[in-house]
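The next block holds one structure in the form of structure tokens; read it before the comments.
Only the coordinates and a few stated rules stand behind these numbers; no lab work does. Just so it is clear, the structure is predicted and the values come from calculations on it, not from any experiment. Every residue, glycine as well, gets a Cβ built from its backbone with ideal geometry; the counts of neighbours run over all protein chains shown.
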Amino acid sequence: MQKDFIYENYLKMPDDLEFEQAMKVYEELLEENLEEDEIYDKLWDHALHCMIDYGSLRAHWKITPKTDRSNDDRTVMHDSVIHSLDELAAYFYEDFENQAHNFRDIKEKESEILHVMFL
């Protein structure tokens, strides 16, 4: 049994993420996507399901008999979490790029209007 995992020890690790920081990131994600976005909702739901399934497996790992454990299944579930988060990040990036492109188009049109106005 792994008895050395203590939250305070985790917080001393180089890439720790405090619970409060994680909640802040989570809340920011929710705030960013308040509008109805069917694609985002599907990606988010899929990521949550992957994380819940993997979290449940990991939570029971040490109490599950070794004969019932499968490192291959654990790896597949872990990779599913990573892949689902990669898909979500790619969607965010694509959306960000589209918004940036739209912003550039608006600025170009504003520039053209100003140019015509002051000719």
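Mind ranking 15-27, 43-55 by how tightly packed they are, going by the mean number of other C-beta atoms within 10 angstrom, highest first?
Numbers: 15-27: 9.7, 43-55: 14.9.
Answer by packing, highest mean first, reads 43-55, 15-27.
Computed from label points 7 Å out along Cα-Cβ, the spacing between E31 and D45 is 2.6 nm. Net length available on complete extension from E38 to L85 is 15.3 nm, with 0.36 nm assigned per residue and the Cα-Cα distance removed.
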